[in-house]
Amino acid sequence: MSKKARKTGPRAASRAAARKPVRAATKRPAAAPENDSAARIARALEAIASHLSAASPAAEPADSFASADAFVWHPNGRLAPVPRVSRVDLGLLKGIDRMRDILIENTERFADGLPANNALLWGARGMGKSSLVKAAHASLNVSRKPAARLKLIEIHREDIESLPALMDMLRSSEFRFIVFCDDLSFDGNDASYKSLKAVLEGGIEGRPDNVILYATSNRRHLLAREMIENERSTAINPGEAVEEKVSLSDRFGLWLGFHRCSQDEYLAMVKGYCGHFGIKLAEEELEREALEWSTTRGSRSGRVAWQFTQELAGRLGVRLKPN
């Protein structure tokens, strides 16, 4: 019995050994791809998570506000400093003397820690609404010490929903901030205006004492007229339906209206630019070309005056030196 077992044992073992690779080979193709795929997916998810974690910027430290006088807000929590603001001198803004004086007085009170209002600058295109905000900010900082300088933060219209996060960041700072939104308006069923309403007035926290909001818009009520009429015609209670959206502009304590300029004001703008940049041309010829330019543009405004000045300077070979 033992001899027979010794003879057949090796043969059985060899046959079993020969069969094992075959069975293993038939099982692995089904299991290995599934395991490998799961492992690859897990590694990819880990890589994505680590990349997002590294790419997400931390909140701006308070001392970073001293690095510049102007910043652009990004909704991921980053404030990008602006070394040089694109602006014009306050003295070059013609035809808006009353609005200029009111806004500067309001901004100066705020800078001194006194009560001041949020401001909505609305009206005709190209009449210097955003230019006035930037010029007022720069003019007040000229005589101020670094620790007392106002900070200008621009928030884009499409990022309004992140405004509460910006307020949280600014609330604890020792600096004072003008949060500025250019060309503010709301269309369709856009509900992001509610974030702005809560910050302006009505929220539990409200607007921080060291923050003031300035906005520009072509619309007095920040909504297109057809939108308001549509709300009124389709609502069960027309008055209440419109009131919620129209009340947004009411939360700006200061309204400054900008209207189309006269021909004399337009020519004064052109002459002011030419005098500032040293562009020399006979007065009669300058007026004739400036009026012809405004006719081809179909309007008279500060923007049109500036565009004509650039055209004239380029033709005469005069460089417009930055401020």
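The values are calculated or read from the model by the stated rules, or taken from the named source; none is laboratory data. Model, not experiment: these values are computed from the prediction. Here Cβ is always computed from backbone atoms with ideal geometry, including for glycine, and neighbour counts include all displayed protein chains. Accessible surface areas use protein heavy atoms only, side chains included; no ligands, DNA or RNA. Shrake-Rupley method; radii C 1.70, N 1.55, O 1.52, S 1.80 Å.
The number of residues in segment 259-279 being crowded, with 19+ Cβ neighbours inside 10 Å, of a type in the set (G, A, S) and free of Cβ contacts under 8 Å to residues at least 40 places away in the same chain comes to 0. Among the residues of segment 280-297, count how many are under 31 Å from the mean Cα position of the chain (by Cα) and open to solvent by 70 Å² or more (accessible area, probe 1.4 Å). Count: 1.
Might you check whether a residue that is of a type in the set (F, W, Y) and under 26 Å from W122 (Cα atoms) occurs anywhere in segment 272-285? Walk me through it before giving the result.
Residues of segment 272-285 that are of a type in the set (F, W, Y), as a first pass: 273, 277.
Next, from what is left, pick out any that are under 26 Å from W122 (Cα atoms): 273.
Scanning segment 272-285 turns up at least one residue that is of a type in the set (F, W, Y) and under 26 Å from W122 (Cα atoms).
For A25, the stated conditions hold: it is loosely packed, with under 10 Cβ neighbours inside 10 Å, more than 20 Å from the chain's Cα centre (by Cα), at pLDDT below 65 and farther than 30 Å from R157 by Cβ. Any idea how many residues of segment 79-101 are assigned to a loop (DSSP other than H, G, I, E, B), among the hydrophobic types (A, V, I, L, M, F, W, C) and either open to solvent by 50 Å² or more (accessible area, probe 1.4 Å) or more than 19 Å from Y273 (Cα to Cα) (or both)? Here the count works out to 1. Scoring V133 on the criteria (1) in a loop (DSSP other than H, G, I, E, B); (2) of a type in the set (A, V, I, L, M); (3) at pLDDT 90 or above leaves a single failure, condition (1). Inclusion of L256 among residues that are surrounded by fewer than 20 Cβ atoms within 10 Å (Cβ to Cβ) and not in a helix (DSSP H, G or I) is not warranted.
So that you can scan it fast, the table gives a plain yes or no per residue for (1) on the phi > 0 side of the Ramachandran plot; (2) in a loop (DSSP other than H, G, I, E, B); (3) within 14 Å of the chain's Cα centre (by Cα); (4) modelled with pLDDT of 90 or more:
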| site | (1), (2), (3), (4) |
| --- | --- |
| E158 | no, no, yes, no |
| E161 | no, no, yes, no |
| L166 | no, no, yes, yes |
| R207 | no, yes, no, no |
| E229 | no, no, no, no |
| E240 | no, no, no, no |
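Scanning segment 298-315 for residues that are part of a helix (DSSP H, G or I) and either open to solvent by less than 20 Å² (accessible area, probe 1.4 Å) or touching a strand residue (DSSP E or B) at 6+ places or on another chain (Cβ under 7 Å) (or both) returns G302, V304, A305, F308, T309, L312, A313.
Is it the case that V318 is of a type in the set (V, I, T), open to solvent by less than 20 Å² (accessible area, probe 1.4 Å) and modelled with pLDDT under 95? Show your work before the answer.
Values: of a type in the set (V, I, T): yes; open to solvent by less than 20 Å² (accessible area, probe 1.4 Å): no; modelled with pLDDT under 95: yes.
Criteria not met by V318.
Considering only residues in segment 157-188 that are touching a residue at least 60 places away in the same chain (Cβ under 8 Å) and touching a His at 6+ places or on another chain (Cβ under 9 Å), the one that is least open to solvent (accessible area, probe 1.4 Å) turns out to be I178. Of the residues that make up segment 63-77, is at least one assigned to a helix (DSSP H, G or I), open to solvent by 60 Å² or more (accessible area, probe 1.4 Å), charged (D, E, K, R) and without any contact (Cβ under 8 Å) to a residue 12 or more places away in the chain? The answer is yes; a qualifying residue exists.
Do the conditions hold for G95, that is, is it in contact (Cβ under 8 Å) with a residue 40 or more places away in the chain, small (G, A, S) and touching an Asp or Glu at 6+ places or on another chain (Cβ under 6 Å)? Even if it seems obvious, please write down each step before you answer.
Values: in contact (Cβ under 8 Å) with a residue 40 or more places away in the chain: yes; small (G, A, S): yes; touching an Asp or Glu at 6+ places or on another chain (Cβ under 6 Å): yes.
Yes.
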